[in-house]
Amino acid sequence: METKTSYLSDYVQQIKPSGIRKFFDLAATMEGVISLGVGEPDFVTAWNVREASILSLEQGYTAYTANAGLYELREEISRYLDQRFGLNYSPDSELIVTVGASQALDLAVRAIMNPGEEMLIPEPCFVAYESLVTLTGAKPVPIQTTAEKGFKASAADFEAALTDKTKALLLCSPSNPTGSVYSKEELESIAAFAEKHDIIVLADEIYAELTYDEPFTSMGAIRGMKERTILISGFSKAFAMTGWRLGFTAAPPVIRDAMLKIHQHAMMCAPSMAQYAALEGLKNGQEDVERMKKSYRRRRNLIVETLNEIGLGCHHPGGAFYAFPSIQSTGMSSEEFAEQLLLEEKVAVVPGNVFGPSGEGYIRCSYATSIEQIQEALVRIKRFVEKRA
Ligand code: PLP
């Protein structure tokens with residue numbers, strides 16, 4: 001007898017698997033594929049960071065840590081947030097070390113959302129947001145954005161979507177998949193909206209270190225916002241540590257304590273060896289972060305300029321490591337373009353529609369891969385587009 005789908009939770013049945021994986025699975029069966037698909041650094045984690053983790057194992061530090069994470073690490077995160085972004089979070093009462101920014105997001109959503117309540121989410125956006133909100137019984141409310149407006153939502157856009165059920169909004173800056181970065185003025189305007197309507201802001205700032213044109217402004221640093229902001233961040237991107245699964249969240253004590261309750265029961269603590277690695281990264285890793293960032297900036301400039309030359313109009317991404325060009329001139333849908341490009345030219349990109357309806361007509365190209373690979377991918381994309389001209 002087949003296992004019944006009615007065994008499953010209603011909420012789980014409402015969510016879809018990530019649309020990105022489908023293309024990775026297809027690409028994995030082919031040879032000679034250049035992947036601009038995956039959102040992770042091509043760099044290996046710095047040696048001193050790996051060594052610190054090995055040392056922790058050699059020294060026998062293999063037990064649970066405090067639920068909120070090693071105190072030393074929380075102290076270091078607190079110092080780092082202050083020095084880099086002017087944020088002021090207490091290691092005792094306002095920080096939790098998590099299993100990636102992914103778990104931080106899950107904790108934040110579960111700590112604040114009740115069934116029926118609404119969260120405003122500008123799209124195109126990171127694929128997990130909608131599902132995490134749906135899993136709580138709350139409702140994700142997509143806010144459409146356009147390339148003309150830099151794929152950013154304004155206070156007016158949020159205002160237009162406001163209902164008496166709106167509880168929170170989720171802002172990702174720099175953005176996956178568009179690379180857009182919200183300026184201080186834009187954040188101030190959204191902050192005013194949040195204060196006026198008593199809205200909680202989830203600020204996914206996992207790419208905060210990776211801005212190439214202007215210094216980054218954090219939502220929690222905007223006056224009056226710390227009390228209503230949950231910061232989501234981590235080590236995966238800037239420190240090239242995706243496989244270590246280490247992130248953190250910072251929030252006012254009431255919200256942080258609620259998140260910690262979930263974390264205690266669902267996870268206990270983040271892996272100890274990854275926490276020792278992150279500690280070393282924060283103490284001695286800033287030069288490596290800068291070195292990688294310099295390299296991403298060069299790649300960003302190359303890919304955006306060339307895509308525009310090829311005729312795939314690309315808005316200027318100020319951060320993260322994604323270009324989000326339009327493929328509308330080809331007359332193909334995002335899915336068709338990505339699939340045909342993979343089959344004909346062996347270049348893997350992600351169709352923009354997997355990030356939400358505003359992403360239709362676009363593709364996401366990750367430039368967290370070597371310059372040589374990017375150059376070859378661009379030659380292939382050019383050939384592919386010219387065949388359709
Ligand atoms: N938030 C955004 C915007 C991301 O792009 C990602 C990963 O791609 C995450 C969160 C999750 O990161 P982590 O590897 O720390 O779980």
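Might you tell me the accessible area per residue for the chain, computed with a 1.4 Å probe and given in Å²? Walk me through the intermediate numbers first.
Details: 16920 Å² over 389 residues.
Result: 43 Å² of accessible area for each residue.
Cα gyration tensor of segment 326-389, axes a ≥ b ≥ c as square roots of the eigenvalues: rounded (a/c below 1.5), prolate (a/b > b/c) or oblate?
Working: a/c = 2.03, a/b = 1.25, b/c = 1.62.
Oblate.
Under 9 Å from the Cβ of T145, count the other residues' Cβ atoms, weight Lys and Arg +1, Asp and Glu -1, and hand me the total.
Numbers: positive: K149, K152; negative: E123, D157.
Around T145, the surrounding residues sum to 0.
About the Cα centre of segment 47-285, how large is the charge dipole given +1 on each Lys and Arg Cβ and -1 on each Asp and Glu Cβ? Please answer in debye to the nearest 20. Walk me through the intermediate numbers first.
Details: 20 positive and 30 negative charges, 74 e Å.
For segment 47-285, the charge dipole is close to 360 debye.
Over segment 17-106, what relative contact order in percent results from Cα pairs under 8 Å that are six or more residues apart? Walk me through the intermediate numbers first.
Details: 35 pairs, mean separation 16.9, N = 90.
Relative contact order of segment 17-106: 19 percent.
Looking at Q13, F24, S93, which one has the Cα that reaches farthest to the positive end of the dipole of segment 4-150 (charges on Cβ: Lys, Arg +1; Asp, Glu -1)?
Of Q13, F24, S93, it is Q13.
At what distance in angstrom do the alpha carbon centres of segment 53-113 and segment 280-358 lie from each other?
One Cα centre to the other: 30 Å.
Go ahead and estimate [θ] at 222 nm for the chain from helices alone: -39,500 (n - 2.57) per DSSP H run with n ≥ 4, summed, over the residue count, rounded to 500. Please report the intermediate quantities before stating the final value.
Details: 13 runs with 163 residues, N = 389.
That comes out to -13000 deg cm²/dmol.
Springs between alpha-carbon atoms under 10 Å, Gaussian network over the chain: tell me which of A63, A111, A368 tops the mean-square fluctuations.
A63
I need the shape label for segment 72-213. Rule: rounded when a/c is under 1.5, else prolate if a/b > b/c, else oblate, with a, b, c from the alpha carbon gyration tensor.
oblate
Report the far tail of the P(r) of the chain, meaning the percent of Cα-Cα pairs longer than 26 Å. All intermediate terms of the calculation are to be shown ahead of the outcome.
Details: 39942 of 75466 pairs.
Roughly 53 percent, once rounded to a whole number.
Along the positive direction of the dipole of the chain (beta-carbon charges: Lys, Arg +1; Asp, Glu -1; about the Cα centre), which of T306, P122, H265 reaches farthest?
T306
Could you work out the local net charge near I199, counting Lys and Arg as +1, Asp and Glu as -1, over the other residues with Cβ closer than 15 Å to its Cβ?
On the way: positive: K139, K165, K167, K196, K226, R228; negative: E117, E118, D157, E159, D164, E188, E195, D198, E227.
For residues surrounding I199, the net value is -3.
Could you identify which residue out of E280, E72, E339 has the top mean-square fluctuation in a GNM of the chain using Cα springs shorter than 10 Å?
Ranking E280, E72, E339 by mean-square fluctuation puts E72 first.
Gain in length, D92 to E31, computed as 0.36 nm per residue apart minus the alpha-carbon separation, to one decimal in nm? Show your work: numbers first, answer last.
Numbers: separation 61, 0.36 × 61 = 21.96 nm, distance 5.04 nm.
16.9 nm is the gain from fully extending D92 to E31.
Students often check this: by mean Cβ neighbours within 10 Å, which of 357-367, 139-149 ranks highest, and how do the rest follow?
Working: 357-367: 23.5, 139-149: 16.3.
Taking the mean over residues of other Cβ atoms within 10 Å, the ranking is 357-367, 139-149.
Return the single residue from V254, V304, V354 with maximal mean-square fluctuation; model: Gaussian network over the chain, springs between Cα atoms under 10 Å.
Fluctuation is largest for V254.
Are any of the pairs K184/K226; K237/K293; K149/K346; K149/K196; K237/K283; K139/K165 more than 21 Å apart by Cα-Cα distance, and if so, which? Let's see the in-between values first.
Numbers: K184/K226 15 Å; K237/K293 10 Å; K149/K346 32 Å; K149/K196 24 Å; K237/K283 17 Å; K139/K165 9 Å.
Those over the limit are K149/K346; K149/K196.
Would you tally the net charge around G319, using a Cβ to Cβ cut-off of less than 15 Å, leaving G319 out, and scoring K and R as +1, D and E as -1?
Details: positive: R84, K152, K184, K237, K293, K294, R297, R298, R299, R300, R364; negative: E186, D204, E205, E209, D213, E214, E290.
Summing Lys/Arg as +1 and Asp/Glu as -1 gives +4.
For the chain, what's the relative contact order in percent, using C-alpha pairs closer than 8 Å and at least 6 residues apart? List each step's numbers first, then the result.
On the way: 743 pairs, mean separation 94.9, N = 389.
Normalised by residue count, the contact order of the chain is 24 percent.
If you roll a 1.4 Å probe over the chain with all protein chains in place, what percent of the accessible area is carbon or sulfur? Kindly include the intermediate steps, with their values, before the conclusion.
Values: 8600 of 16920 Å².
Exposed carbon and sulfur together represent 51 percent of the surface.
If you look at just the Cα atoms of segment 259-389, how large are its Rg and its Dmax in Å?
Here Rg and the maximum Cα pair distance are 18.9, 57 Å.
Nearest 20 debye, what's the magnitude of the dipole of segment 150-212 about its Cα centre given +1 on Lys and Arg Cβ and -1 on Asp and Glu Cβ? All intermediate terms of the calculation are to be shown ahead of the outcome.
Values: 5 positive and 11 negative charges, 28 e Å.
Roughly 140 debye, rounded to the nearest 20.
The values are calculated or read from the model by the stated rules, or taken from the named source; none is laboratory data. It should be emphasised that the depicted structure is a prediction, and the values quoted were computed from it without experimental measurement. Glycine also receives a Cβ, built like all others from the backbone with ideal geometry; neighbour counts cover every protein chain displayed. Heads up: the accessible areas ignore ligands, DNA and RNA and are worked out on the full protein's heavy atoms, side chains in. Shrake-Rupley method; radii C 1.70, N 1.55, O 1.52, S 1.80 Å.
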